[in-house]
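The structure appears right after this line, and notes come after that.
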């Protein structure tokens with residue numbers, strides 16, 4: 001099977017990493033964002049940027065994607081994490097309670 005990865009900006013970064021990990025035949029990386037270090041001059045006005053960079057570096061070192069199974073597992077985990085974060089960040093307490101009740105009610109059927 002021939003594997004080709006494609007990405008733009010930060011997607012180019014992931015395309016390059018996956019191409020290497022999955023031994024892809026080709027990697028099309030358009031303006032890949034490989035470093036956020038050029039943004040570190042903005043840390044004084046936006047300290048969140050430094051924390052985000054440290055977080056992504058930590059995740060990149062922990063999660064090594066060497067197979068399709070690991071890739072799909074990581075995608076599923078990130079998707080679940082995204083839903084949990086949306087639930088926490090976008091909904092107020094009453095809305096979260098309603099959503100959880102709906103999910104639990106549906107699960108018990």
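The values are calculated or read from the model by the stated rules, or taken from the named source; none is laboratory data. Just so it is clear, the model here is predicted, and its values are computed rather than measured. Quick reminder, even Gly has a Cβ in these numbers, built from the backbone with ideal geometry, and neighbours come from all protein chains shown.
Structure data summary
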item	result
Verdict on residue 71 being under 24 Å from the mean Cα position of the chain (by Cα), touching a residue at least 40 places away in the same chain (Cβ under 8 Å) and surrounded by 11 or more Cβ atoms within 10 Å (Cβ to Cβ)	yes
Qualifying residue in region 29-39 (condition: surrounded by 15 or more Cβ atoms within 10 Å (Cβ to Cβ), modelled with pLDDT of 80 or more and either touching a helix residue (DSSP H, G or I) at 6+ places or on another chain (Cβ under 7 Å) or closer than 27 Å to residue 69 by Cβ (or both))	yes
